[in-house]
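Readers should treat all values here as calculations from the given coordinates under stated rules, not as data from a laboratory. Please read all numbers here as calculations on a predicted model, not as lab measurements. Neighbour counts run over all protein chains shown; Cβ positions are idealised from the backbone, glycine included.
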Amino acid sequence: MAKGGKLMKLKSVLKKLNSFNKQSGARPSMSSIVATSDDSCANSGDLHPVYVGKSRRRYLISSDIIDHPLFKELAERSNDSSDTINVSCEVVLFEHLLWMLENADPQPESLDELVEFYAC
């Protein structure tokens, strides 16, 4: 997809998200997401390590997020057949995705479009 097309798609997704947030009164909450560079939180209950982007930035993600259909599909597309969860996505977009999954559950009819957008 051309740069201009991807920007337009981002604007469209953000508009949908903003209108959904206004309707639902969603508030920011990052309770199930932790960005970390060490193993200090590795055994924190139900958090799982996820490596994102070319830099393989490490996040500890709750099972609720990992079990979401959008996250599962994105991880499957990025799968490199290792035992770890790797996501081929820009870190900034991944953080936006996590925020969206925490605050505004995407509608099932838009899941394929969203996976295509976030996948690199």
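Annotations for the structure displayed:
- Gain upon complete extension [V91, K72; 0.36 nm per residue less C-alpha separation]: 5.1 nm
- In terms of the mean number of neighbouring beta-carbon atoms within 10 Å, the peptides 66-77, 85-96 order highest first as 85-96, 66-77.
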